[in-house]
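Trainee: My questions all concern the structure below.
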Amino acid sequence: MALSKKEEDILKSIKVPSENNPRKPEFPPGNPKFPATPTYRIKVPGFSNVWLKDESINPTGTHKDRMAWEMVVTYRDFLLAKKNGQIKGKLPHMSIISSGSAAVAIQTQLKKYKLPCLKVLVNADTDTFILKCMKKIGCEVFETNLSKKPFHWKEILALTHNLNGFDITSNEALGPTTRFYDWMSYEIINNSPDYCFIPFGTGNLFENILNVNKREVSSKNHDPRFKGNVAKLRNCNFIGATSNNPKTKADKLYSPHLPFVHYDEHWIQLYRYAGFCGHESDVCLLKEHFLDAAMKIAESQGIQCEPSGIAGLALMLQMKNRLPKNKKMLIVNTGKTKYP
């Protein structure tokens with residue numbers, strides 16, 4: 001089936017240099033490079049070898065821009081399928097549950113490539129400023145009480161008036177734990193740290209990093225992007241920082257229901273036993289006052305972040321008494337959303 005001129009123009013505009021060639025990276029669109037964001041040394045009292053992976057320089061300020069680009073690539077797949085006569089009709093809309101960051105990142109890219117607007121399901125008490133920002137860039141916003149129960153993907157589509165579309169929140173076919181952050185995961189493990197501290201909200205980033213690490217430490221046929229030290233990565237402790245406090249300042253890390261997360265104690269236990277990561281790898285609950293300390297350290301060094309984004313540093317501070325002070329620590333800063 002022939003594409004319309006508009007669809008042909010959109011298809012031509014979405015350029016994917018390669019899936020895994022570090023010399024032909026795909027992100028950020030328009031100015032791709034690998035690594036796409038910097039990793040640099042920071043000063044943390046009591047530690048001598050701390051590094052920060054800084055996602056705050058991304059287009060809308062967070063690692064969610066990487067996921068947003070993958071949504072554009074998904075639309076490219078739709079257009080190619082339509083061009084080949086495999087599907088018919090208009091391009092579908094995407095729906096997502098979001099507190100703001102993911103929605104802003106995705107809609108920014110969809111708008112840039114003239115793709116269907118994002119339909120966003122938000123909690124009824126979402127800040128009015130964030131709601132206005134999402135609507136300003138073209139999101140269709142729908143409110144509900146997200147705390148009362150976990151929502152099935154069919155309910156998410158129904159509540160966003162998108163029965164013929166796709167839900168990003170739950171859709172395994174989109175590859176949330178293998179594709180959303182694969183380039184970022186290689187940028188992280190190529191540093192070969194002894195400890196890596198990662199914010200854990202939806203869990204997609206944490207799972208992505210662990211899955212990439214598993215692939216590289218258990219295979220002799222390495223991905224072209226891999227430049228890490230296998231022996232060190234087998235013993236690297238990947239530690240996720242999360243919260244079960246509804247009033248936490250790290251609001252992106254708390255959710256009353258995470259029905260689409262794969263991570264559980266059994267999952268990480270298998271990874272530890274199989275030697276895919278260090279024996280201390282885990283997901284831990286944050287104590288609130290360490291977030292304040294982490295923000296002070298970040299602000300003193302000009303690091304752009306919000307409490308959720310710098311939660312890894314907060315957890316490292318919380319674990320300070322049991323951590324070796326001279327080992328290489330890598331903090332993943334997922335950034336701070338630049339609201340329009």
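Trainee: Inspect segment 253-266 for any residue being in contact with a Ser or Thr (Cβ under 7 Å, 6 or more places away or on another chain), assigned by TED's automatic domain parsing to the domain that holds Ser308, crowded, with 23+ Cβ neighbours inside 10 Å and under 24 Å from Glu306 (Cα atoms) and give the result as yes or no.
Mentor: Scanning segment 253-266, I find at least one residue that is in contact with a Ser or Thr (Cβ under 7 Å, 6 or more places away or on another chain), assigned by TED's automatic domain parsing to the domain that holds Ser308, crowded, with 23+ Cβ neighbours inside 10 Å and under 24 Å from Glu306 (Cα atoms), so the answer is yes.
Trainee: How many of the residues in segment 101-141 are in contact with a strand residue (DSSP E or B) (Cβ under 8 Å, 6 or more places away or on another chain) and on the phi > 0 side of the Ramachandran plot?
Mentor: Total meeting the criteria: 0.
Trainee: A further question follows. Can you spot a residue in segment 186-195 that is of a type in the set (Asp, Glu) and surrounded by fewer than 17 Cβ atoms within 10 Å (Cβ to Cβ)?
Mentor: Looking for residues that are of a type in the set (Asp, Glu) and surrounded by fewer than 17 Cβ atoms within 10 Å (Cβ to Cβ), one finds none in segment 186-195, hence no.
Trainee: Among the residues of segment 215-234, how many are under 14 Å from Ser281 (Cβ atoms) and surrounded by fewer than 18 Cβ atoms within 10 Å (Cβ to Cβ)?
Mentor: 2
Trainee: For segment 27-67, how many residues are of a type in the set (D, E, K, R) and part of a helix (DSSP H, G or I)?
Mentor: 4
Trainee: Residues that are aliphatic (A, V, I, L, M) and farther than 30 Å from Phe129 by Cα: does segment 294-307 have at least one?
Mentor: No; the residues of segment 294-307 include none that is aliphatic (A, V, I, L, M) and farther than 30 Å from Phe129 by Cα.
Trainee: Conditions first: (1) assigned to a loop (DSSP other than H, G, I, E, B); (2) out of contact with any strand residue (DSSP E or B) (no Cβ under 8 Å at 6 or more places or on another chain); (3) farther than 20 Å from Gly312 by Cβ. Ala173 passes all but one, so which condition is the exception?
Mentor: Of everything listed in (1) assigned to a loop (DSSP other than H, G, I, E, B); (2) out of contact with any strand residue (DSSP E or B) (no Cβ under 8 Å at 6 or more places or on another chain); (3) farther than 20 Å from Gly312 by Cβ, Ala173 misses just condition (1).
Trainee: So for segment 49-65 (the condition being over 21 Å from the mean Cα position of the chain (by Cα) and either in contact (Cβ under 8 Å) with a residue 40 or more places away in the chain or not assigned by TED's automatic domain parsing to the domain that holds Phe197 (or both)), does at least one residue qualify?
Mentor: Within segment 49-65, one or more residues are over 21 Å from the mean Cα position of the chain (by Cα) and either in contact (Cβ under 8 Å) with a residue 40 or more places away in the chain or not assigned by TED's automatic domain parsing to the domain that holds Phe197 (or both).
Trainee: Does Leu91 satisfy being crowded, with 18+ Cβ neighbours inside 10 Å and either within 16 Å of the chain's Cα centre (by Cα) or over 30 Å from Asn326 (Cα atoms) (or both)?
Mentor: Taking the combined requirement at face value, the residue does not satisfy it.
Trainee: A further question on this structure: Quick check on this structure: which one of Phe206, Phe129 is part of a helix (DSSP H, G or I), of a type in the set (Phe, Trp, Tyr) and closer than 22 Å to Cys284 by Cα?
Mentor: Testing whether each residue is part of a helix (DSSP H, G or I), of a type in the set (Phe, Trp, Tyr) and closer than 22 Å to Cys284 by Cα leaves just Phe206.
The values are calculated or read from the model by the stated rules, or taken from the named source; none is laboratory data. It should be emphasised that the depicted structure is a prediction, and the values quoted were computed from it without experimental measurement. Neighbour counts run over all protein chains shown; Cβ positions are idealised from the backbone, glycine included.
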